[in-house]
Amino acid sequence: MIFHKTGEEIERIKKSSLLVGKTLAQVAKIIKPGVTTLDLDKIAEEFIRDNNALPGFLGYGGFPNSLCTSVNSAVVHGIPNDIPLKNGDIVSVDCGVFMNDFYGDSAYTFEVGEVSKEVKDLLRVTKECLQLAIGQTRAGNRIGDIGYVVQNHAESNGFGVVRELVGHGLGRSLHEKPEVPNYGKKGKGHKMKPGLVLAIEPMINLGKKEVKQLDDGWTIETKDNLPSAHFEHDVAISLDGSPEVLSSFEEIEKVLITSSFWNNFALSSICISSLYNLLSVLRCLLIISNSIIVFGKHFIKIFII
Ligand code: MG
Ligand code: MG
């Protein structure tokens, strides 16, 4: 059954969704090489509980943690562990909270240190897929319209679209009807109406679309072991039929921009300090060479006399 929410219910989902964004911003603050995904999980769980909410994933279907942390070729449902993240990794962090009887569910793929250009392109295109999908989430459109734009944009950029995992309705349950595939045909599927709330979540692979499940019973990984990206927003269809994004990446991206500024600042400071050291060495060499010249002149004078 598909549940259509009242304005008051949508407001409650929005509060949960925004708390997910703030939780992911806490995660963003500490992501760097050397940190483990268990560290991320710990900080997220504490933050969610400090905000009088419950981690939505912990114990859901037996899942052991508060975050799904999927590194590089892991697509979704990765279990946090004590392996340190490395420079050049990407980690998709999916987070759910339960508060005031409603769930929020959002995901962001983070870069760890410096990642390759092809991986940066994958992240950019996956985020663009999410924006295009949101643009299709309006009354009168069909679920197939969402999948169509995601598939078309991802595949036209040479990436693979995961078929086995899909977005979903969101509300009092974490996973409600309808399913929201990231592939499809225009004009096909369920017709959307005001009050529908969807978690839209493109899962896009750098290589082929095929995935496999690992022996841990949770982690979904690409079959070709190439990286995969995942971004997720909660979107409601308003009374006027237009999409309202309930979750937010704003807090996350504020943290990422600030960290990038300070990293660049630190790098510039190192460069300035290296330049200063180089100039000091050159100055010393100049003084030494002048001294040699002066000494040489005196020596010649003494020798001639
Ligand atoms: Mg999610
Ligand atoms: Mg979801």
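The values are calculated or read from the model by the stated rules, or taken from the named source; none is laboratory data. Computed from a prediction, not measured in an experiment: that's the story for all the values here. Using ideal geometry, Cβ is built from the backbone for each residue, glycine included, and neighbour counts are taken over all protein chains shown. When the accessible area is computed, the model is the full protein with side chains, heavy atoms only, and any ligands, DNA or RNA have been set aside. Shrake-Rupley method; radii C 1.70, N 1.55, O 1.52, S 1.80 Å.
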**OP:** Once you've got the GNM for the chain with C-alpha springs shorter than 10 Å, pick whichever of GLY184, GLY62, GLY160 has the biggest mean-square fluctuation.
**Re:** GLY62
Subject >> Accessible-area order (highest first, 1.4 angstrom probe) of the listed residues GLU45, GLU201, GLU251 >> reply: GLU251, GLU45, GLU201
Original post:
Can you tell which of ASN182, ASN290, ASN52 shows the greatest fluctuation in a Gaussian network model of the chain with Cα springs below 10 Å?
Top reply: ASN290
Subject >> Surrounding net charge for LEU130, when Lys and Arg each add one and Asp and Glu each subtract one, Cβ distance under 9 Å >> reply: -2
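How big is the shadow of the Cα convex hull of the chain, averaged over all directions, in nm²? Kindly include the intermediate steps, with their values, before the conclusion.
Working: hull surface 88.0 nm².
Here the figure is 22.0 nm², rounded to one decimal.
Per the 1.4 Å probe, what fraction of the accessible area of segment 1-155, in percent, lies on carbon and sulfur atoms? Please list the in-between numbers first.
Numbers: 3240 of 6350 Å².
That fraction is 51 percent.
Where nothing but the Cβ of Lys and Arg (+1) and of Asp and Glu (-1) is charged, how large is the charge dipole of the chain around its Cα centre, in debye to the nearest 20?
Values: 32 positive and 36 negative charges, 218 e Å.
It comes to approximately 1040 debye.
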Original post:
Over segment 178-231, what percent of the accessible surface lies on carbon and sulfur atoms, probe 1.4 Å?
Top reply: 50 percent
Subject >> Cut-off 10 Å between beta-carbons: net charge of the residues surrounding ILE79, Lys and Arg +1, Asp and Glu -1 >> reply: -2
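Quick one: accessible area per residue over the chain, 1.4 Å probe, rounded to a whole number of Å²?
On the way: 15490 Å² over 305 residues.
Result: 51 Å² per residue.
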**OP:** Using amide H atoms built 1.01 Å from N in the peptide plane, name the residues 5+ places from GLY96, or on other chains, whose amide H lies under 5 Å from its own.
**Re:** GLY56, PHE57
Original post:
GNM on the chain, C-alpha springs below 10 Å: top fluctuator among ALA53, ALA154, ALA229?
Top reply: ALA53
**OP:** Round to the nearest 10 and report in Å² the accessible area of MET99, as given by a 1.4 Å probe over the protein chains' heavy atoms.
**Re:** 30 Å²
Subject >> Cα lying deepest toward the dipole's positive end in the chain, options LEU256, GLY187, THR222, charges on Cβ >> reply: LEU256
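Which order do you get for ASP224, ASP89 if you rank them by accessible area with a 1.4 Å probe, largest at the top? It would help to have the intermediate numbers written out before the result.
Details: ASP224 55, ASP89 10 Å².
Reading off the accessible areas and sorting them downward yields ASP224, ASP89.
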**OP:** For every other residue with a beta carbon closer than 12 angstrom to the beta carbon of VAL91, add +1 if it is Lys or Arg and -1 if Asp or Glu, then tell me the sum.
**Re:** -3
